[in-house]
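Notes for the one structure printed next.
No lab work stands behind these numbers, since they all come straight from the coordinates. All values reported here derive from a predicted model rather than from experimental measurement. As a convention, Cβ positions derive from the backbone with ideal geometry for all residues, glycine included, and neighbour counts pool all protein chains shown.
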Number of protein chains: 2
Amino acid sequence: MYLPLLDHIDKFVKLDHDERNTVLTYLDCHKVRKKEHVLKEGQVCNAQYFIVKGCFHQYIINEKGVEKTLLFGIENWWMTDFLSFQSHSPSNFYIQAIENSEVISIDKESLEDLLIRVPKLERYFRLCMQKSFGASQVRIKYLFTMSAEERYHHINTMFPEFVQRVPQYMLASYLDFSPEFLSKIRAGKV
Amino acid sequence: MYLPLLDHIDKFVKLDHDERNTVLTYLDCHKVRKKEHVLKEGQVCNAQYFIVKGCFHQYIINEKGVEKTLLFGIENWWMTDFLSFQSHSPSNFYIQAIENSEVISIDKESLEDLLIRVPKLERYFRLCMQKSFGASQVRIKYLFTMSAEERYHHINTMFPEFVQRVPQYMLASYLDFSPEFLSKIRAGKV
DNA sequence: TAAAAAACTTGAAGTAGTTCAAGAAAGGAT
DNA sequence: ATCCTTTCTTGAACTACTTCAAGTTTTTTA
């Protein structure tokens, strides 16, 4: 149950037996049902979530009441609103399960505590974040340089299983165009 | 010369006298002239740059040969291509000085070394990155929810001095629209 | 301080993608 | 198995923004 996270940590830093056990005492694994939220706009984001199983998206609702998906997360990714988490400010975002999922959550206080007891984890979280941030930089590059159609074909080539896994309208939103347009791209009508 | 960085570190973690001195031995401060690059597409990004003075932008050149600015950096920000830095892969980006600037650079090996000697810095870099990543998440929100005109007015309200500081065509590119369109927004011709 | 280069402006014509509305298909719950 | 909800499709009308080209202004360099 907690193994996926320990394995993930192990890719970045080596913990000894005691440290692993310490980590375990701080974690809390629970199920999140499809469509359930772990964060809503306006709330202060007080935890980070490691996805053990399932799929989430981070989204906002625009002034027309339409959902815009900014980010997806699947197994072995951390999800949170880092800005709200760090600065205790109300979040701009919703984070919602797209499938029945399982997450390991750790709240801010526990994390602070844990990082004092297992300082090696500072490195783990640093490297994780570096990876996410790198990915987000590349994403902006794609948004800035490719047409809607190119973005769709690109993601479809790189992550075909993922494209099947999430609703089309969310994918369209993530790629920053309308669901109708995605439908037309797929039908070859553009 | 190195004080701005030590001050910045001090906002996140407290170093003792020895640790500060250790840090200093790893740093290298140098001037970068306007239009000079610290990173070009295709190079592996081997260092992180802390901006002591001046202004940089990270950009790509698209298939039409046009520059697209993905990110700006000013005093007290770190700039690098984290993906390339972490995974030793060729960078997608250029990083160039917009003004005559001064940076403190630290290369990958030195950083690894330094982090071993001053482990507290793991925390510093983690928190720095968390802040940058949070900012980049919010930026994507703006790109996804505001019209071109709204994005311009927003940045102009939030950071008026910054808007004056960089060429309009770079700002337009950063906001993801054409320089001509920015000209028209400013003239009230949209 | 003149000449060259870089940055900004303007209008006209074009287009990539949106919006709307209505129907069809697929998925979930009881 | 059927009803209800959610998701996907299609075409027609529209629009926010781009592209192009030419001229003007500002900045840099020698």
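Numbers below:
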read-out	value
For the protein assembly as shown, alpha-carbon Rg relative to the globular expectation (2.2 N^0.38 Å, N residues)	1.02
Within straight-line cross-link reach of residue A:40, aspartates and glutamates at Cα separation under 12 Å, skipping those fewer than 8 residues along the same chain	A:81
Label distances, nm, residue B:190 versus same residue in remaining copies, Cβ-directed 7 Å point	2.1
Between the range A:1-78 and the range B:62-87, the Cα center-to-center distance that results, in Å	28
Inter-copy label distances at residue B:111 (7 Å, Cα→Cβ; nm, one decimal)	2.0
HN-Hα J in Hz across the range A:80-95 - Karplus 6.51, -1.76, 1.60, θ = phi - 60°, x for Gly and Pro	5, 9, 5, 5, 5, 4, 6, 9, 6, 9, x, 6, 8, 10, 9, 10
Test item: Cα-centred dipole of the protein assembly as shown, Lys/Arg +1 and Asp/Glu -1 on Cβ, debye	960
Nearest 10 degrees, 0 to 90: helix B:17-26 Cα axis against chain B principal axis	60
Acute angle (nearest 10 degrees) that the helix A:120-145 long axis makes with the longest principal axis of chain A, alpha-carbon atoms	10
Inter-copy separations for residue A:158, label at 7 Å along Cα-Cβ, nm, ascending	2.4
Placed amide H near residue B:98: partners under 5 Å, 5+ positions off or other chain	B:35, B:55, B:56, B:57
GNM flexibility winner over chain B from B:164, B:48, B:58 (Cα, springs under 10 Å)	B:164
Charge dipole (debye, nearest 20) of the range B:3-120; +1 at Cβ of Lys and Arg, -1 at Cβ of Asp and Glu	320
Under 5 Å, built H, 5+ apart or other chain: amide partners of residue A:39	A:95
Over the range B:3-120: Kirkwood hydrodynamic radius from C-alpha pairwise inverse distances, Å	15.0
With Cα atoms, 0 to 90° folded angle of helix B:108-117 axis to chain B main axis	50
